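Step one of this worksheet: look at the structure below.
The values are calculated or read from the model by the stated rules, or taken from the named source; none is laboratory data. These numbers come from a predicted model, not from an experiment. Note that each Cβ is placed from the backbone with ideal geometry, even for glycine, and that neighbours are counted across all protein chains shown. Just the protein is used for accessible areas: all its heavy atoms, side chains included, with ligands, DNA and RNA removed. Shrake-Rupley method; radii C 1.70, N 1.55, O 1.52, S 1.80 Å.
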Amino acid sequence: MTLPMQPEFTSPVIEYSRLYPLLIVFGVAAVGVLVEAFLPRDRRYLVQVVLAVLGLGGALAGTILVAADLDVAAGDLTARGLVAAEGAVSIDGPTVFIWGVLLALSILSVLLFAERRLEGGITAFAGQAAALPGTEAERQASTRGIEHTEIFPLAMFAVGGMMLFPAANDLLTMFVALEVLSLPLYLLCGLARRRRLISQEAAVKYFLLGAFSSAFFLYGIALVYGYAGTFTLAGIDRAVTDRVGGQNLLLAGMGLMAVGLLFKVSAAPFHAWTPDVYQGAPTAVTAFMASCTKIAAFGALLRVFFVGFGGAQWDWRPMMWIVAIITMVVGSVVALTQTDIKRMLAYSSIAHAGFLLVGFAGVFEGSSGYTGITSLQSILFYLTAYGFATVGAFAIVTMVRDAGGEATHLSRWAGLGKRSPLLAGVFAFFLLAFAGIPMTSGFIGKWSVFSAAWSGGAWPLVVVAVVMSVVAAFFYVRVIVLMFFSDPVGEGPTVAVPSALTGIAVAVTVAATVVLGVVPGPVLDLAQEAGSFVR
Amino acid sequence: MSATPFLTLSALLFTIGAVGVLVRRNAIVVFMCVELMLNATNLAFVTFARVHGNLDGQIAAFFVMVVAAAEVVVGLAIITSIFRTRRSASVDDASLLKY
């Protein structure tokens, strides 16, 4: 008996030499899980912190090496890199730039996670998440100094997902990456040591809304697949350019996918979760989420819409214009009325999503011989500037404390500048960077994004964006005035002295914000060298 | 046979799920509605795979199932912990964070 003719089996080609930064992060996360299983409790903390920092540092070094020898993509003048892993992941200029920034910011976030001195020798995460708040079990866990070191592997998995998300070159990989980055974050949000009720509430809200939005994203993928017959972005681009099949299917698919992605970048009207989750989550997690998730999600948004749906630009641009305007207005105006510092920073992050969307909706991809900055490159720079300032600002929030933990109500921040001028000064500096005052990173970021959008012909958007920047500047300045020119109410909060971990995080973020503002050249060059996406 | 009935059913299930998320109060039921949306998507994937005559959509359905299972693990853990604290799984009761 003879077997029927078998098609020849060809084993898939995986470019390990380009993918290893990603694999290091996932590998270290898996090792972290084993450490939880096999090491005695009292030794886990140190091992996990060292493992996480070394893993992220190794991945960062690897990213730099990979970035250094990216070849010019075949048949493309502006893009460097290649599509790896059988078309699932694209390792190109924007990918390695985003990886570098993500890894640098997540190292700083892990340092904030590991901070123990602020809570009196223990991390800011729940000792035993299963113990009910206010019960004997919780008190016991607290007095015995139990802490959840699972937060480190969870954060590593989230970082891995965030790296894969903007690098994904087909929609299925992108969906899986979205879930890999989201699921650990849902859990991390619910693990605060203090104010556990609002922490749990934040986790439930984030989880239900996140699952809801990723279902929309997935249905969008299904419709786009129905339209194009393939998941790869290049294939979708071909189908879109050739106008095959029913346009309604494509429009519906694009819209639904946009819902999922805009939810992750917290653009209005999909922003409702942001203030609640940013306020309720442990502040270190908020810092991580606010900076890294936004970077990853913007990377994915740009890749899907520039590479996959580039040919249908005129269909999605009006929608993005409207979303950008609503986001800027909601973020800037509602922030004016906030009384909680974390909530105010959350609305500020919504406003920043709006400013970033201005650059995105402006769609300026440059032309041959053009040496200025394109939309993609300006957004990469803005994300870098925003990410460092955000981690720094939330790191400062962890240090202003009273008996109940962090003093996040704005009234408690009155007169902080008199009590500890250094801390208030640093915080004021971050707020000025958010506002986009010259000589800070925020100014260069805003300037490059707006000028790219202007070149793309989106001048009405730029006008709205400038007006909203002024409105936004008002609430940042209000906090500065409150800190420096009003008297403390009653006892006022104390400024706790953190360990070197938070100290390093703050110092690095301040330095980055100054350098990006005063000598932005090198990083702008790096962003420009990122070129464009490979197709 | 035309693919339209399958796609219509899929869209219908998806809509029922989406409306359910918006109107139901119990976190578990809301979560089940999300799962219904994911399953509706699976039906669409498989139908489109049949229409296009390739296997991508069917493979996607497997990935979606795995992701949905992982989501259940995380979701039920979160919902259980807030239920034990508050003795209620209603999404309206959790309202410390607003405006």
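Residues of region B:37-72 being surrounded by 18 or more Cβ atoms within 10 Å (Cβ to Cβ) and among the charged types (D, E, K, R), which ones?
Residues satisfying the conditions are B:56, B:71.
What's the number of the condition residue B:25 fails, among (1) more than 10 Å from chain A (Cβ to nearest Cβ); (2) surrounded by 17 or more Cβ atoms within 10 Å (Cβ to Cβ); (3) in contact with an Asp or Glu (Cβ under 7 Å, 6 or more places away or on another chain)?
For residue B:25, the failing item is (2).
When you scan region B:51-99, how many residues do you find that are more than 7 Å from chain A (Cβ to nearest Cβ), of a type in the set (Ser, Thr, Tyr) and not in a loop (DSSP other than H, G, I, E, B)?
Selection size over region B:51-99: 2.
Tell me whether region A:369-384 contains one or more residues that are closer than 22 Å to residue A:336 by Cα and open to solvent by less than 10 Å² (accessible area, probe 1.4 Å).
Quick first cut of region A:369-384, residues closer than 22 Å to residue A:336 by Cα only: none.
Checked against the condition, which is being closer than 22 Å to residue A:336 by Cα and open to solvent by less than 10 Å² (accessible area, probe 1.4 Å), region A:369-384 yields no hits at all.
Quick one: residue A:431 ticks every box in (1) open to solvent by 10 Å² or more (accessible area, probe 1.4 Å); (2) assigned to a helix (DSSP H, G or I) bar one, so which box is it?
So residue A:431 meets the others, but not (1).
Here is a yes/no grid of residues against (1) surrounded by fewer than 21 Cβ atoms within 10 Å (Cβ to Cβ); (2) closer than 20 Å to residue A:465 by Cβ; (3) touching a residue at least 12 places away in the same chain (Cβ under 8 Å):
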{"position": "A:303", "(1), (2), (3)": "no, no, yes"}
{"position": "A:319", "(1), (2), (3)": "yes, yes, yes"}
{"position": "A:324", "(1), (2), (3)": "no, yes, yes"}
{"position": "A:333", "(1), (2), (3)": "yes, yes, yes"}
{"position": "A:336", "(1), (2), (3)": "yes, yes, yes"}
{"position": "A:348", "(1), (2), (3)": "no, yes, yes"}
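Using the structure shown, decide if residue B:31 is crowded, with 16+ Cβ neighbours inside 10 Å, in contact with a Phe, Trp or Tyr (Cβ under 7 Å, 6 or more places away or on another chain), assigned to a helix (DSSP H, G or I) and within 9 Å of chain A (Cβ to nearest Cβ). Please lay out each step first, then the result.
Working: crowded, with 16+ Cβ neighbours inside 10 Å: yes; in contact with a Phe, Trp or Tyr (Cβ under 7 Å, 6 or more places away or on another chain): no; assigned to a helix (DSSP H, G or I): yes; within 9 Å of chain A (Cβ to nearest Cβ): yes.
The answer is no for residue B:31.
Okay, residues lined up against (1) assigned to a helix (DSSP H, G or I); (2) farther than 15 Å from residue A:161 by Cα; (3) open to solvent by 20 Å² or more (accessible area, probe 1.4 Å):
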| site | (1), (2), (3) |
| --- | --- |
| A:32 | yes, yes, no |
| A:58 | yes, yes, yes |
| A:82 | no, yes, yes |
| A:112 | yes, yes, no |
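In region A:185-195, which residues are more than 7 Å from chain B (Cβ to nearest Cβ) and buried (at least 24 other Cβ atoms within 10 Å of the Cβ)? Full working, then the answer.
Step one: list which residues in region A:185-195 are more than 7 Å from chain B (Cβ to nearest Cβ), which gives A:185, A:188-189, A:191-195.
If the condition is that a residue be more than 7 Å from chain B (Cβ to nearest Cβ) and buried (at least 24 other Cβ atoms within 10 Å of the Cβ), then A:185, A:188, A:189, A:191, A:192 are the ones that fit.
Quick one: how many residues across region A:312-359 are of a type in the set (Asp, Glu) and within 30 Å of residue A:398 (Cα to Cα)? Give the derivation first.
Our first condition is that a residue be of a type in the set (Asp, Glu); within region A:312-359, this holds for A:315, A:340.
Cutting the leftovers down to within 30 Å of residue A:398 (Cα to Cα) gives us A:340.
Residues meeting the conditions: 1.
Could you go through region A:74-81 and let me know if any residue there is within 15 Å of residue A:150 (Cβ to Cβ), touching a residue at least 24 places away in the same chain (Cβ under 8 Å) and not small (Gly, Ala, Ser).
Of all residues in region A:74-81, those within 15 Å of residue A:150 (Cβ to Cβ) come to none.
There is no residue in region A:74-81 that is within 15 Å of residue A:150 (Cβ to Cβ), touching a residue at least 24 places away in the same chain (Cβ under 8 Å) and not small (Gly, Ala, Ser).
Scan (1) facing chain B (nearest Cβ under 9 Å); (2) in contact (Cβ under 8 Å) with a residue 12 or more places away in the chain for the single condition residue A:208 breaks and write down its number.
(2)
Tell me the residue from A:137, A:129, A:158 that is open to solvent by less than 20 Å² (accessible area, probe 1.4 Å) and either more than 14 Å from chain B (Cβ to nearest Cβ) or of a type outside the set (Val, Ile, Thr) (or both), please.
Selected residue: A:158, the only one of A:137, A:129, A:158 that is open to solvent by less than 20 Å² (accessible area, probe 1.4 Å) and either more than 14 Å from chain B (Cβ to nearest Cβ) or of a type outside the set (Val, Ile, Thr) (or both).
Go through (1) open to solvent by less than 10 Å² (accessible area, probe 1.4 Å); (2) at pLDDT 95 or above; (3) within 10 Å of another protein chain (Cβ to nearest Cβ) and name the single condition residue A:219 misses.
(1)
Does region B:73-92 include one or more residues that are in contact with an Asp or Glu (Cβ under 8 Å, 6 or more places away or on another chain), under 25 Å from residue A:129 (Cα atoms), buried (at least 18 other Cβ atoms within 10 Å of the Cβ) and not hydrophobic (A, V, I, L, M, F, W, C)? First the steps, then the outcome.
Step one: list which residues in region B:73-92 are in contact with an Asp or Glu (Cβ under 8 Å, 6 or more places away or on another chain), which gives B:82, B:86.
Among the residues that remain, those that are also under 25 Å from residue A:129 (Cα atoms) are: B:82, B:86.
Among the residues that remain, those that are also buried (at least 18 other Cβ atoms within 10 Å of the Cβ) are: B:82.
Now narrow it down to the ones that are not hydrophobic (A, V, I, L, M, F, W, C): none.
Taking every residue of region B:73-92 in turn, none turns out to be in contact with an Asp or Glu (Cβ under 8 Å, 6 or more places away or on another chain), under 25 Å from residue A:129 (Cα atoms), buried (at least 18 other Cβ atoms within 10 Å of the Cβ) and not hydrophobic (A, V, I, L, M, F, W, C).
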